[in-house]
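First comes the structure, then the notes that go with it.
Just so you know, all these numbers are worked out from the coordinates, no wet-lab data involved. These figures come from a predicted structure and were not determined experimentally. Here the Cβ is made from the backbone with ideal geometry for all residues, glycine too, and neighbour counts use every protein chain on show.
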Amino acid sequence: MAVQAGGAGPIGGVDSTTSIGGASWEVHKGSTGTWNVYSYVRTTNTTSATLNMMDFLKDLVNKGWMSSSHYLTSIEAGTEVFVVPEDSIPTTTTARNRPTDDVDPRSQ
């Protein structure tokens, strides 16, 4: 059952797929009219993940969508339910963030 109420879902259509952190991701490319939006949607379910944000930045640079001379100033992350089995509605979400040093993608 697809859940799309209120326009839930990534901005833009699927542009490509990529493998990051041992998982396959659909990469959506779109725009709000003000800025470009790149959404990575995991293609399989998981109960936990440890991901390096630099891997996603490198993917954007490799696709030519972000210059390696640019710096990331903010990230929005979280869960958004797109498809849910009828008998399995999630009730809680937990996110833990670890502070990291500013990293220049060119130095990785």
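Starting from 0.36 nm per residue, how many nanometres of slack lie between Val37 and Met54 once their C-alpha separation is accounted for?
Numbers: separation 17, 0.36 × 17 = 6.12 nm, distance 1.66 nm.
So the extension gain works out to 4.5 nm.
Tell me whether region 32-74 comes out rounded, prolate or oblate; compute the Cα gyration tensor, take square roots of the eigenvalues as a ≥ b ≥ c, and use a/c under 1.5 as the rounded threshold. Show your work: numbers first, answer last.
Details: a/c = 2.14, a/b = 1.58, b/c = 1.35.
Prolate shape, in that a/c is at least 1.5 and a/b is the bigger ratio.
Please compute the length gained on full extension between Glu26 and Asn45, using 0.36 nm multiplied by the number of residues separating them and subtracting their Cα-Cα distance.
Working: separation 19, 0.36 × 19 = 6.84 nm, distance 1.30 nm.
Full extension of this stretch gives 5.5 nm more.
Go through 11-22, 39-50, 55-66 and give me the packing order, highest mean Cβ count within 10 Å leading.
Values: 11-22: 13.0, 39-50: 10.2, 55-66: 15.7.
Ranked from most to least packed, the peptides come out as 55-66, 11-22, 39-50.
Using the alpha carbon gyration tensor of region 5-82, what are the three equivalent-ellipsoid semi-axes (square root of 5 times each eigenvalue), largest first, in whole Å?
Details: eigenvalues 74, 60, 29 Å².
Rounded to whole Å, the semi-axes are 19, 17, 12.
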